[in-house]
Amino acid sequence: MAAAGPGPRPCPSRPPPPRRYVLCEVVSEDPRCRQCIEDRAVGLAVREAIARAHGDYGLACCCVSFTVKYLNAYTGTVLLRCRKDFYRLLCSALPLVRQLESRNQRYPCYFNTLHVGGTIRTCQKFLIQYNRRQLLMLLQNCTNEEERRSIRQSVLSCSLTEEQSQSGDEEDDDDTETD
């Protein structure tokens, strides 16, 4: 009888590959566009743009870890995730997105890249500052005191709370912002 060995050795746990998060906003003249966009439609449009810009090789490289992590149809904010090695391919293809298709309707639009970060948290922080700047620009264009009061309240409410920063829902893969 052969002696039983210690069994198979467990594979060493490898850290996940470094990722980049690309924060974008969907800009469209048609107000129905934002209401009807879905993460599936955004993902498909971005993949098609990557294929047009970089061919099958670029599509294969980008789509290994590509996903739409967050989509807010009300504000048009989109957070895309891809591998760090290929985020430039993704960013260079985003201007080629000219429309989104949802429910058999095509809506002309384009993506405005706001920020590229190493973590979801850095993208959140940037988005808060960006929204605060946008609200301050709106404040300058107010015509009456009621509008001013409403925008001031919105500016004051732009913050991440300590409770949100300690939640475990976030995927912080690496804290660096450099290449």
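The values are calculated or read from the model by the stated rules, or taken from the named source; none is laboratory data. Since the model is a prediction, treat every value here as computed from it, not as a measurement. Cβ: placed from backbone, ideal geometry, glycine included. Neighbour counts: every protein chain shown. Each accessible area value is taken on the protein alone, full model and side chains, heavy atoms only, with ligands, DNA and RNA left out. Shrake-Rupley method; radii C 1.70, N 1.55, O 1.52, S 1.80 Å.
Quick rundown of the values:
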read-out	value
Residue 109 long-range amide H proximity, modeled H, under 5 Å	99, 100
The range 1-137, accessible area per residue, ligands and nucleic acids excluded (1.4 Å, Å²)	60 Å²
Directionally averaged projected area (convex hull, Cα atoms, the range 105-146), nm²	5.4 nm²
Per-pair calculated FRET efficiency, R0 = 22 Å: residue 57 and residue 101 via Cβ, rounded to 0.05	0.30
Extension gain, residue 74 back to residue 148 (0.36 nm per residue minus Cα-Cα distance, nm)	24.4 nm
With every protein chain in place, the range 1-160: carbon and sulfur % of accessible area (1.4 Å)	52 percent
